[in-house]
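J.: Dropping a structure here in structure tokens format, bear with me for questions.
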Amino acid sequence: MDVTRVRKDFPLLDQEKPPIYLDSACQSLRPRQVIDSMNEYYFDFPACGGRSVHRLATEVSIRLDKAREDVASFVGVQDPECIIFTKSATESMNTVAKGLHLKKGDVVITTDMEHNSNHVPWLLLAKERGIKRHIVPFSALEEGDMEPLKQEMENGVKLVSVVQTNNVDGSTLHLKEVVEIAHDHGALVMADGCQTAPHNPLDLEKLDVDLYAWSMHKMLGPSGTGILYGKREMLEQVDPLITGGGCVAITSYDSADILPIPDKFEAGLQNYAGIIGSGAAVRYLNEIGIEDVQEHEHRLNTMATKELSDVPQLSMLGPSDPVRKGGIFSFNLKGMLPHDVAMILDEIGSVFIRSGMHCVHPYFTSRGLEGCARASFYLYNTEDDIRKFVETVKFVADKFAD
């Protein structure tokens with residue numbers, strides 16, 4: 001992968017003194033190809049798809065169908081209608097949680113490292129409907145120890161809803177094994193793929209996962225765009241979260257004929273530019289090669305880990321093997337708050353990272369941690385970026401840490 005060439009596609013990086021952007025796990029940068037595809041919609045065919053019948057509206061519909069097909073192909077899905085466009089992974093997972101007809105006493109299993117998007121909905125449903133929510137340790141599933149999950153499955157579990165790659169330390173659980181165990185016990189599986197889809201080859205049909213959610217803004221796509229994949233028979237069982245125009249064939253004063261998938265879940269005016277941009281994003285990643293992206297991130301993380309492992313004031317989160325953490329390097333400096341670390345890195349080195357609890361509050365509070373500083377690498381980061389990051393972290397550790 002020619003990173004120098006890749007960087008020229010990203011306006012923020014194609015300048016004389018670009019910043020060191022290491023916050024892609026929060027939101028990735030977008031290449032010109034994505035931006036241009038969105039601008040093309042606004043300039044050349046700024047109309048409503050699926051409503052009007054003039055040529056501009058027809059062009060919108062054609063582009064939306066193309067984007068759906070490209071996204072489906074990218075994640076190994078044969079039927080594009082099983083790809084639902086939402087505004088975020090949060091909306092995708094809420095759609096499932098609210099629309100799956102779970103009732104009092106039904107058991108849902110999650111891990112102890114879930115993003116609030118896969119945590120808060122279950123908390124609220126426990127209060128509203130009386131479902132039961134059980135938690136298994138993510139680290140066990142990541143290490144291949146399935147016994148905690150197997151023990152919980154004896155409790156009549158309806159759904160296992162887990163993050164595939166957690167956003168705290170970047171480690172990934174064995175989703176295929178989780179799916180097999182759940183299915184053997186008659187349970188469904190939904191996975192949060194926000195930190196997996198942008199960085200790893202995916203074949204959702206081979207994984208046999210029932211439902212899968214992710215956000216496009218972490219994989220070179222526009223903000224305000226998310227994806228929900230589901231097996232057709234699953235999506236047909238889930239009630240839509242939002243209803244109205246676009247999801248119905250015909251209505252009367254006392255009835256509504258809901259359309260089949262994907263329209264069933266896409267009520268209201270859609271984010272046409274965002275969906276078109278999402279198609280452009282997966283096409284861009286296909287051209288680069290997602291395997292090359294994954295290998296590049298592993299190389300950068302290995303470099304950062306090696307260079308910072310001997311800093312006495314620094315403690316790393318997650319597995320010691322950087323390859324098991326993908327493109328995420330999370331750490332704390334003794335005696336410093338994570339936000340202070342991030343602000344100082346920005347101020348003295350133009351190194352942009354994220355800090356805090358990363359929407360995984362229970363994980364940190366249960367361990368008495370204020371959060372962590374998190375650097376995250378992507379296809380446009382260079383070895384020079386890592387050297388600058390390492391140099392700046394070492395300076396901060398020497399000057400400010402205990």
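J.: Determine which member of the set GLY244, GLY221 is crowded, with 24+ Cβ neighbours inside 10 Å and not polar (S, T, N, Q).
T.: So the residue among GLY244, GLY221 that is crowded, with 24+ Cβ neighbours inside 10 Å and not polar (S, T, N, Q) is GLY221.
J.: Could you list all residues from the stretch 124-142 that are under 21 Å from the mean Cα position of the chain (by Cα) and either charged (D, E, K, R) or loosely packed, with under 14 Cβ neighbours inside 10 Å (or both)?
T.: GLU142
J.: I'd like to verify a number: residues in the stretch 34-52 that are assigned to a helix (DSSP H, G or I) and crowded, with 16+ Cβ neighbours inside 10 Å, how many? I'd like the intermediate steps shown before the answer.
T.: Of the residues in the stretch 34-52, the ones assigned to a helix (DSSP H, G or I) are 34-44.
Within this subset, residues satisfying the condition of being crowded, with 16+ Cβ neighbours inside 10 Å are 34-35, 37-38, 40-41.
The total comes to 6.
J.: So ASP402 passes all but one of these: (1) over 30 Å from PRO137 (Cα atoms); (2) outside any loop (DSSP other than H, G, I, E, B); (3) touching a strand residue (DSSP E or B) at 6+ places or on another chain (Cβ under 9 Å); (4) not hydrophobic (A, V, I, L, M, F, W, C). Which condition number does it fail?
T.: Failing condition for ASP402: (2).
J.: Please count how many residues of the stretch 328-377 are acidic (Asp, Glu) and more than 13 Å from PHE389 (Cα to Cα).
T.: 2
J.: Among SER330, SER315, SER255, which is over 21 Å from PHE10 (Cβ atoms) and either free of Cβ contacts under 8 Å to residues at least 12 places away in the same chain or basic (Lys, Arg) (or both)?
T.: Residue meeting the stated conditions: SER255.
J.: When residues of the stretch 301-335 are filtered for being small (Gly, Ala, Ser) and surrounded by 15 or more Cβ atoms within 10 Å (Cβ to Cβ), how many remain?
T.: Going through the stretch 301-335 one residue at a time, the tally reaches 5.
J.: Which fully enclosed strands (runs of 3 or more DSSP E) of the stretch 81-139 have 1 or more residues being in contact (Cβ under 8 Å) with a residue 40 or more places away in the chain and within 23 Å of HIS185 (Cα to Cα)?
T.: Qualifying strands (runs of 3 or more DSSP E): 107-111.
J.: Here's a follow-up. Of the residues SER350, SER376, only one is buried (at least 23 other Cβ atoms within 10 Å of the Cβ), of a type in the set (S, T, N, Q) and in the same structural domain as PRO19 (by TED's automatic domain parsing); which? Don't jump to the end; show me each part of the working.
T.: On the way: SER350 fails: buried (at least 23 other Cβ atoms within 10 Å of the Cβ).
Result: SER376 is the single residue among SER350, SER376 that is buried (at least 23 other Cβ atoms within 10 Å of the Cβ), of a type in the set (S, T, N, Q) and in the same structural domain as PRO19 (by TED's automatic domain parsing).
J.: Then there is this: Kindly indicate whether any position in the stretch 228-248 is among the small types (Gly, Ala, Ser), modelled with pLDDT of 95 or more and within 25 Å of VAL189 (Cα to Cα).
T.: For the stretch 228-248, residues among the small types (Gly, Ala, Ser), modelled with pLDDT of 95 or more and within 25 Å of VAL189 (Cα to Cα): present.
J.: Going through ASP310, ASP385, ASP340 one at a time, which residue ends up being more than 30 Å from ILE288 (Cβ to Cβ) and touching a residue at least 60 places away in the same chain (Cβ under 8 Å)?
T.: ASP340
J.: Going by the structure shown, is ALA25 closer than 16 Å to ASP263 by Cβ and under 26 Å from the mean Cα position of the chain (by Cα)?
T.: Answer is no for this residue.
J.: Take the conditions out of contact with any strand residue (DSSP E or B) (no Cβ under 7 Å at 6 or more places or on another chain), within 27 Å of GLY327 (Cα to Cα) and part of a helix (DSSP H, G or I) and apply them to ILE62. Does it pass?
T.: no
J.: For the stretch 148-193, which positions are small (Gly, Ala, Ser) and either at pLDDT 95 or above or crowded, with 16+ Cβ neighbours inside 10 Å (or both)?
T.: Those that are small (Gly, Ala, Ser) and either at pLDDT 95 or above or crowded, with 16+ Cβ neighbours inside 10 Å (or both): SER161, GLY170, SER171, ALA182, GLY186, ALA187, ALA191, GLY193.
J.: Applying the selection to the stretch 11-32, what residues are surrounded by fewer than 16 Cβ atoms within 10 Å (Cβ to Cβ) and acidic (Asp, Glu)?
T.: ASP14, GLU16
The values are calculated or read from the model by the stated rules, or taken from the named source; none is laboratory data. This one's a predicted model, so the numbers in the text were calculated from it and none came from an experiment. Ideal geometry is used to build each Cβ from the backbone, glycine not excepted, and the neighbour counts take in all protein chains shown.
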